[in-house]
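The values are calculated or read from the model by the stated rules, or taken from the named source; none is laboratory data. All of these numbers come straight from a predicted model, not from anything done at the bench. Please note: Cβ atoms are built from the backbone with ideal geometry, for glycine as well, and neighbour counts cover all protein chains shown.
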Amino acid sequence: MDDGRARGLFELTRPGNTFAAGVLTLIGAFVAGITDQSVADPVGNVTAAVAATWLATAAGNSINDYFDREIDAINAPARPIPRGAVTPREALWFSAALFVGAVLATLTLPPLAIAIALVNLLALLLYTEWFKGLPGVGNAVVAYLGGSTFLFGGAAVGSIAGSGVLFVLAALSTLTREIVKDVEDMAGDREEGLNTLPLAIGARPALAVGAALLVVAVAASPLPYFWTAFGAVYLVAVAPADAVMLYAAYESFEDPTAGQLHLKYGMFLAAAAFVVGRVGTLL
């Protein structure tokens, strides 16, 4: 395999996104109770869960590029398939191999984690052809998948109770970001005939929906302080994340590209706040 093709296959995985998904799974496990002594092999379970998340996310990104190759020729011509670094057939087979790896890694985990993984793999396979072009539905599927990394991490160590609130908050903020990204991609989506939310109701109304969802998420962000053992240190840590995400939602009305990028930063700050909150319970 030549260097150009190898690099193209690597780019198909969107390594930044796959790495982030693995980190979020690790955070979900930590928040749920990776230090719980009742779990027989927490390190082994979390390692398998992170590997499964990485492989499944990489597979989903690759299959998405396969189905989106005509849209990407307009919206993202530098992607590996449009620029000719990888053929569509190579991307399809590469994605299949990654999906198989994800399944094999998942089979070593508890039943709840396996169930979550199966639902997620099915959603990844159906997303581009079935859900992506339905106004709001495709966004909701991606939001669920993003938030479910926390659930999957918790299930890997035997409990999703601690990561459940994190899942809801992450899903809401991801939904906002996906709507903003659809505003950014309106030209290519219109050319392809997709009926995304911004194309169905207009860019500004769609951004208003996204902003409203984010306000709900920010308003709910103090709940772990009241519902779990998280102390005041969590509230201090989550405040900057809330501020960044609210600013990003406002910014999106004028600059969707910058807005969705800053939303991603805010989401990582929020995940870090949960780690801080969990550490506080152990001290």
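Quick check on this structure: which one of L169, L107 is surrounded by fewer than 17 Cβ atoms within 10 Å (Cβ to Cβ) and not basic (K, R)?
Values: L169 fails: surrounded by fewer than 17 Cβ atoms within 10 Å (Cβ to Cβ).
Answer to the check: L107.
Just checking, does the range 131-148 include any residue being part of a helix (DSSP H, G or I), out of contact with any Asp or Glu (no Cβ under 6 Å at 6 or more places or on another chain), under 19 Å from L197 (Cα atoms) and at pLDDT below 85?
Checked the range 131-148: at least one residue is part of a helix (DSSP H, G or I), out of contact with any Asp or Glu (no Cβ under 6 Å at 6 or more places or on another chain), under 19 Å from L197 (Cα atoms) and at pLDDT below 85.
Hey, can you tell me all the residues within the range 110-130 that are at pLDDT below 85 and surrounded by fewer than 16 Cβ atoms within 10 Å (Cβ to Cβ)? It would help to see each step written out before you state the result.
The initial filter retains those residues of the range 110-130 that are at pLDDT below 85, namely 121, 124-130.
If the condition is that a residue be at pLDDT below 85 and surrounded by fewer than 16 Cβ atoms within 10 Å (Cβ to Cβ), then L125, L126, E129, W130 are the ones that fit.
From the list A258, A273, A217, A248, pick out the single residue that is part of a helix (DSSP H, G or I), more than 23 Å from L26 (Cα to Cα), in contact (Cβ under 8 Å) with a residue 12 or more places away in the chain and hydrophobic (A, V, I, L, M, F, W, C).
Checking each option against the conditions leaves just A248.
Could you check L134 against (1) more than 24 Å from L282 (Cβ to Cβ); (2) in contact (Cβ under 8 Å) with a residue 40 or more places away in the chain; (3) of a type outside the set (D, E); (4) crowded, with 24+ Cβ neighbours inside 10 Å and say which number it fails?
Looking at each condition in turn, L134 falls short on (4).
Starting from residues that are of a type in the set (A, V, I, L, M) and crowded, with 19+ Cβ neighbours inside 10 Å, keep the ones in the range 71-104 and report whichever is nearest to M186 (Cα to Cα). Give the derivation first.
Residues of the range 71-104 that are of a type in the set (A, V, I, L, M), as a first pass: 71, 73-74, 76, 78, 81, 85-86, 91-92, 96-98, 100, 102-104.
Now restrict to residues that are crowded, with 19+ Cβ neighbours inside 10 Å: 71, 81, 85-86, 91, 98, 102.
On the way: I71: 11, I81: 20, A85: 25, V86: 25, A91: 25, L98: 30, A102: 32 Å.
Checking each candidate, the answer is I71.
Among the candidates A271, A217, which residue alone is of a type in the set (A, V, I, L, M, F, W, C) and either surrounded by fewer than 16 Cβ atoms within 10 Å (Cβ to Cβ) or at pLDDT 90 or above (or both)? Steps first, please.
Numbers: A271 fails: either surrounded by fewer than 16 Cβ atoms within 10 Å (Cβ to Cβ) or at pLDDT 90 or above (or both).
Answer to the selection: A217.
Go through the range 182-201 and give me each residue that's out of contact with any Ser or Thr (no Cβ under 9 Å at 6 or more places or on another chain) and closer than 22 Å to L246 by Cβ.
Within the range 182-201, L197, P198 qualify.
I'd like the full set of residues that are part of a helix (DSSP H, G or I) and within 9 Å of A113 (Cα to Cα), limited to the range 149-166. Break it down into steps so the answer makes sense when it comes.
Of all residues in the range 149-166, those part of a helix (DSSP H, G or I) come to 149-156, 161-166.
Matches in the range 149-166: L151, F152, G153, G154, A155, A156.
Pick from the range 58-70 the residues that are acidic (D, E) and assigned to a helix (DSSP H, G or I): which of them is surrounded by the most Cβ atoms within 10 Å (Cβ to Cβ)? Show your work before the answer.
Step one: of the range 58-70, the residues acidic (D, E) are 65, 68, 70.
Filter once more, so that each one left must be assigned to a helix (DSSP H, G or I): 65, 70.
Numbers: D65: 28, E70: 13.
Only one residue fits best here, namely D65.
What's the number of the condition R190 fails, among (1) surrounded by fewer than 18 Cβ atoms within 10 Å (Cβ to Cβ); (2) touching a residue at least 24 places away in the same chain (Cβ under 8 Å); (3) in contact with a Leu (Cβ under 8 Å, 6 or more places away or on another chain)?
All conditions are met except number (2).
Only residues that are among the β-branched types (V, I, T) and part of a loop (DSSP other than H, G, I, E, B): list them for the range 73-88, please. Give the derivation first.
Keep residues of the range 73-88 that are among the β-branched types (V, I, T), which gives 74, 81, 86-87.
Matches in the range 73-88: V86, T87.
Mind checking which residues of the range 165-200 are under 26 Å from A32 (Cα atoms) and either out of contact with any Gly (no Cβ under 9 Å at 6 or more places or on another chain) or among the acidic types (D, E) (or both)?
Applying the first criterion (under 26 Å from A32 (Cα atoms)) to the range 165-200 yields 165-177.
Of everything in the range 165-200, just one residue is under 26 Å from A32 (Cα atoms) and either out of contact with any Gly (no Cβ under 9 Å at 6 or more places or on another chain) or among the acidic types (D, E) (or both), namely V165.
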